[in-house]
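Participant: Once you've had a glance at the structure underneath, I'll fire off some questions.
The values are calculated or read from the model by the stated rules, or taken from the named source; none is laboratory data. As the structure is a computational prediction, the values presented were derived from the model and not from experiment. Positions of Cβ are generated from backbone atoms using ideal geometry, with glycine treated the same way; all protein chains shown enter the neighbour counts.
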């Protein structure tokens, strides 16, 4: 390569026109800082407000395994209630956002979200069925939720197959049909559920982060694996976004990438719904907003959505816990109240 | 260089009926034929996007079906009719996609990738809008960006599906001129599907006539672009004479819709 061409390639217009490692690090650092600020805010606020020094003392004494002068009640609230919930918000926010980014690239539809292929409805149906039919079995809800997601993933994928492989259009159509079918099953179950159970069923449909802290490690692991797989395919997804035939001609193993990314996105959707129920709008607005703010390159959109989704859900959860404290608003209400207007704004700006 | 042997295909309306041809290095082949004759299907099979039902495509004696997608992408650059892009990616990012088969699967483009992409954009005069979103470009600008993406990998064979359909006449001539220069200067060949018969006649080294999936004629423009062959392939009235500057066949379409009018013209000439 001639040195003059290489030299010129370092100049301004070319740097602005594409994603550089420097831009990636800058954006991710800003989002990480935002996530840390929201984390501090989330852990400090609630029905009891704690100063940052108290929180730092509790956490450091716990890590160093020393006793501290902080009351055991404060320790209990911070370590057993707020910290797990904060982690859950981070994991679930990251999961829905990255799943949304993956589905959007995969289906070449900037308005796709984790719900579009019916995976989250399948997951919710599993959980609700276990509430109605097998309430006493321990951990049955998350297990059933995950099973529901897995079965729906397989069914939608098989229905989406055609002679030429899984086309995006067929996949969306199959997802819509399966989603409609599962939604009516959900409504049926809600109708037959007795009064006490109905409230629990309701939580799965609108989202609830106060659920099972025991699930956190396994959900976090599954979500991490899924995000890593999607990130590893980020460059292929960039090409897939401009068309399947063209991606094929440019050297992408299109069928393999589609299958792997579809499975990974469905895995993290299922894991997230199993932990928190269906939380809408996060997977739609976060990746969409990331692309508008920083460009379409998935090497930034995927990790950026992960951090931004965590920060957004954490903030929404903090609001959900504090606005009407000591009572709580369902987090799905907050994400929809914030998400719908933001989405309308984004839509008007792009069209 | 490119050898297409006994190629067969049928799916829905797309049909190709067992034919063979081959072109050498540095050739520019124009594929002509009416709508639905199988031109795009032929291009997609050559580019490896569709698999043929029988027969084979080989480039430099390598069977395209036996190599990986990435190897094929390094040999063949494909330019589709149009790209429908719903995401705000820049022209530069779009052209850099052409380097996918050279680069790492994970990570960033190398300095080489960037320099090659920039070279391709200079060739196609697309550098002024490197930072603009592809979805906001005009049809003609986007078509040149698509060519730049295919050129960025320095392929041995360039395959283009109606690359001048959205271009004004000056850019049509420029596009054909650029393809001719690229193919004669380097060891690259090109196949182009087009409806611009006279431009194809002026610039192509070979012409292939296709109708209903059948190869009707294959040869130089002088051999293939005769009145009788073109009339029977396109089923329309046309005249062929020599282009006064290049001497290549020049095609003039004759309006036949209005039987009365054409009768009048005949009367005047008679």
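Participant: Go through the range A:199-249 residue by residue and tally those that are modelled with pLDDT under 90, over 24 Å from residue A:332 (Cβ atoms) and touching a helix residue (DSSP H, G or I) at 6+ places or on another chain (Cβ under 6 Å).
Facilitator: 1
Participant: Tell me which of these residue B:154 doesn't satisfy, since it passes every other one: (1) part of a loop (DSSP other than H, G, I, E, B); (2) within 14 Å of the chain's Cα centre (by Cα).
Facilitator: (2)
Participant: Evaluate the following for residue A:185: is it within 14 Å of chain B (Cβ to nearest Cβ) and either more than 18 Å from residue A:122 (Cα to Cα) or touching a helix residue (DSSP H, G or I) at 6+ places or on another chain (Cβ under 6 Å) (or both)?
Facilitator: Judged against the criteria, residue A:185 is not a match.
Participant: If a residue must be within 7 Å of another protein chain (Cβ to nearest Cβ), under 21 Å from residue A:231 (Cα atoms) and either free of Cβ contacts under 8 Å to residues at least 24 places away in the same chain or not in a helix (DSSP H, G or I) (or both), how many such residues does the range B:94-135 contain?
Facilitator: 5
Participant: Within the group B:184, B:189, B:138, B:170, which residue is at negative phi and buried (at least 23 other Cβ atoms within 10 Å of the Cβ)?
Facilitator: B:189
Participant: Looking at A:304, A:243, A:270, A:280, can you tell me which residue is surrounded by fewer than 24 Cβ atoms within 10 Å (Cβ to Cβ) and away from chain B (no Cβ under 11 Å)?
Facilitator: Within the list A:304, A:243, A:270, A:280, the selection yields A:280.
Participant: Still on this model: Quick check on residue B:10: is it more than 8 Å from chain A (Cβ to nearest Cβ) and part of a strand (DSSP E or B)?
Facilitator: When the stated conditions are applied, residue B:10 passes them.
Participant: Something else: Run down A:1, A:88, A:25 and say which single residue is part of a loop (DSSP other than H, G, I, E, B) and either within 14 Å of chain B (Cβ to nearest Cβ) or modelled with pLDDT of 90 or more (or both).
Facilitator: So the residue among A:1, A:88, A:25 that is part of a loop (DSSP other than H, G, I, E, B) and either within 14 Å of chain B (Cβ to nearest Cβ) or modelled with pLDDT of 90 or more (or both) is A:1.
Participant: Read through the list (1) over 19 Å from residue A:236 (Cα atoms); (2) in contact with a strand residue (DSSP E or B) (Cβ under 8 Å, 6 or more places away or on another chain); (3) at the interface with another protein chain (Cβ under 9 Å from one of its Cβ atoms), then give the number of the only condition that residue B:156 fails.
Facilitator: Condition not satisfied by residue B:156: (3).
Participant: Counting residues that are over 26 Å from residue A:21 (Cα atoms), which helices (runs of 4 or more DSSP H) fully inside the range A:242-351 reach at least 3?
Facilitator: In the range A:242-351, the matching helices (runs of 4 or more DSSP H) lie at A:244-249, A:254-276, A:298-322, A:331-350.
Participant: Out of all the residues in the range A:29-53, which are surrounded by fewer than 17 Cβ atoms within 10 Å (Cβ to Cβ) and part of a helix (DSSP H, G or I)?
Facilitator: Scanning the range A:29-53 gives A:29, A:30, A:32, A:33, A:36, A:37, A:40, A:41, A:52, A:53.
Participant: Exactly one of (1) modelled with pLDDT of 90 or more; (2) farther than 30 Å from residue A:292 by Cβ is unmet by residue B:97. Its number?
Facilitator: Checking residue B:97 against (1) modelled with pLDDT of 90 or more; (2) farther than 30 Å from residue A:292 by Cβ, the one that fails is (2).
Participant: Let me ask another. For residue B:223, work out the one condition from (1) touching a strand residue (DSSP E or B) at 6+ places or on another chain (Cβ under 9 Å); (2) farther than 25 Å from residue B:43 by Cβ it doesn't fulfil.
Facilitator: In the conditions (1) touching a strand residue (DSSP E or B) at 6+ places or on another chain (Cβ under 9 Å); (2) farther than 25 Å from residue B:43 by Cβ, residue B:223 misses (2) alone.
Participant: Looking only at the range A:101-122, count how many residues are within 10 Å of the chain's Cα centre (by Cα) and within 14 Å of chain B (Cβ to nearest Cβ).
Facilitator: Residues that pass the stated criteria total 1.
Participant: The conditions are (1) without any contact (Cβ under 8 Å) to a residue 60 or more places away in the chain; (2) within 11 Å of chain A (Cβ to nearest Cβ), and residue B:168 fails exactly one of them. Which is it?
Facilitator: (2)
Participant: How many residues does the range A:107-132 contain that are surrounded by fewer than 24 Cβ atoms within 10 Å (Cβ to Cβ) and modelled with pLDDT of 90 or more?
Facilitator: 0
Participant: Can you work out which of the residues in the range B:46-91 that are at the interface with chain A (Cβ under 10 Å from one of its Cβ atoms), in a loop (DSSP other than H, G, I, E, B) and surrounded by 19 or more Cβ atoms within 10 Å (Cβ to Cβ) is modelled with the lowest pLDDT?
Facilitator: B:85
Participant: Filter the range A:331-345 down to residues that are in contact with a helix residue (DSSP H, G or I) (Cβ under 8 Å, 6 or more places away or on another chain) and surrounded by fewer than 19 Cβ atoms within 10 Å (Cβ to Cβ), then give me how many there are.
Facilitator: Adding up the residues that qualify gives 4.
Participant: Of all residues in the range A:190-201, how many are surrounded by 13 or more Cβ atoms within 10 Å (Cβ to Cβ) and within 26 Å of the chain's Cα centre (by Cα)?
Facilitator: 4
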